[in-house]
Structure formats: structure tokens, C-alpha cells
1. Quick one: Cα convex hull volume of the chain, Å³ per residue?
2. Taking the Cβ of residue 91 as the center, what net charge do the other residues with Cβ under 15 Å away carry, scoring Lys and Arg +1 and Asp and Glu -1?
3. Between residue 80 and residue 29, how high is the FRET efficiency from 1/(1 + (r/R0)^6) when r is the Cβ-Cβ distance and R₀ = 25 Å? Nearest 0.05.
4. FRET efficiency for residue 115 and residue 42, Cβ-Cβ distance as r, R0 = 22 Å, nearest 0.05?
5. As a check on your grasp of the helix formula, calculate [θ] at 222 nm for the chain: sum -39500 (n - 2.57) over DSSP H runs of n ≥ 4, divide by the residue count, round to the nearest 500.
6. Tell me the relative contact order for the chain as a rounded percent, counting alpha carbon contacts under 8 Å between residues six or more apart.
7. How much area per residue is accessible in the range 18-131 when the probe is 1.4 Å and only protein heavy atoms are counted (Å²)?
8. For the range 1-58, list log₁₀ I(q)/I(0) at each q in 0.21, 0.25 Å⁻¹, using the Debye formula over Cα point scatterers of equal strength and ignoring solvent, two decimals each.
Amino acid sequence: MNKIKSSIVINRSAQEVFNFTIDPQNTPKWVESVVVEETNETPPKLGTIYKNRDAQGNWREFEITAFDEGVMFEMTKANDNNHVVYTFVPITDNQCKLEYKVWSEGELHNTFTPEILETILRDLKAFIEGQ
């Protein structure tokens, strides 16, 4: 199994960060490679399908395969077996640690590198704390 893990402390509550990251309209604000993201249902839950498009017009599809409201969610990429797990750990009422893990039983997609994960988390922190 291949996996990459990174984390960051964000000065917002775990629930607020959870709500922000699971909202598909917010994804382009903090993931540079995503131009648009949509889901097949709202609010998202176990089994929800996310589709996102990059600047070249390529669409990717993910399904929520694990879900615990306010605590964690896991998305699995269709036809690829790459998994992205978000875990929200409260530190205080207004601060949490976001753990971001990408794993695969096979090869990780080349969009998942330690540097990319760290950039994504830094961009998320900057955006959500700047609101």
C-alpha cells in the first residue's frame, strides 16, 4: 500500500473546517487543480458522488466511502482505487488539526505528492482563516 499523509492546524472549529471542505463549491478556492466541483446530492453523505474538472477539461469522479459528520470523510476515486481521507481533530473550540491522507493499494495518482498535499493544506488554511 502506498500512502502520503500531511496535517495542518487551522484556527477555526473542526465543524467549520469540515463544513467548508465537504462543500463542493469551495473546492476550487483551495485546490488549485480543480476549476469546478459538483455533487449528485446535498448535503453530502455516505455514497455521495463528487465530480471535479481541471483546467484542461478533464473530469474526475469520487465517491464518499466513509463518513462521520464533523469528524472525517473518505473519498475514493472511481476506476482508480486512490483514497483521500480527511480527519478533523478539535484542539480548542476555535482550532483544529486537519489530517489529510491519500492512499492506494496500487500506484498513487501523480497529482498526489507530499509537496502537493502540503500546498493544498496551506492554501486551505490561508483561505479559511482569511474569511
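The values are calculated or read from the model by the stated rules, or taken from the named source; none is laboratory data. Computed from a prediction, not measured in an experiment: that's the story for all the values here. Positions of Cβ are backbone-derived with ideal geometry, glycine not excepted, and every protein chain shown enters the neighbour counts. Note: areas computed on protein heavy atoms with side chains; ligands, DNA, RNA excluded. Shrake-Rupley method; radii C 1.70, N 1.55, O 1.52, S 1.80 Å.
1. Taking the convex hull of the Cα positions in the chain, it is 100 Å³ per residue.
2. Once positives and negatives cancel, what remains is -1.
3. 0.55
4. 0.10
5. -6500 deg cm²/dmol
6. 34 percent
7. Per-residue accessible area for the range 18-131 comes out at 53 Å².
8. Values returned for q = 0.21, 0.25 Å⁻¹ are -0.99, -1.11.
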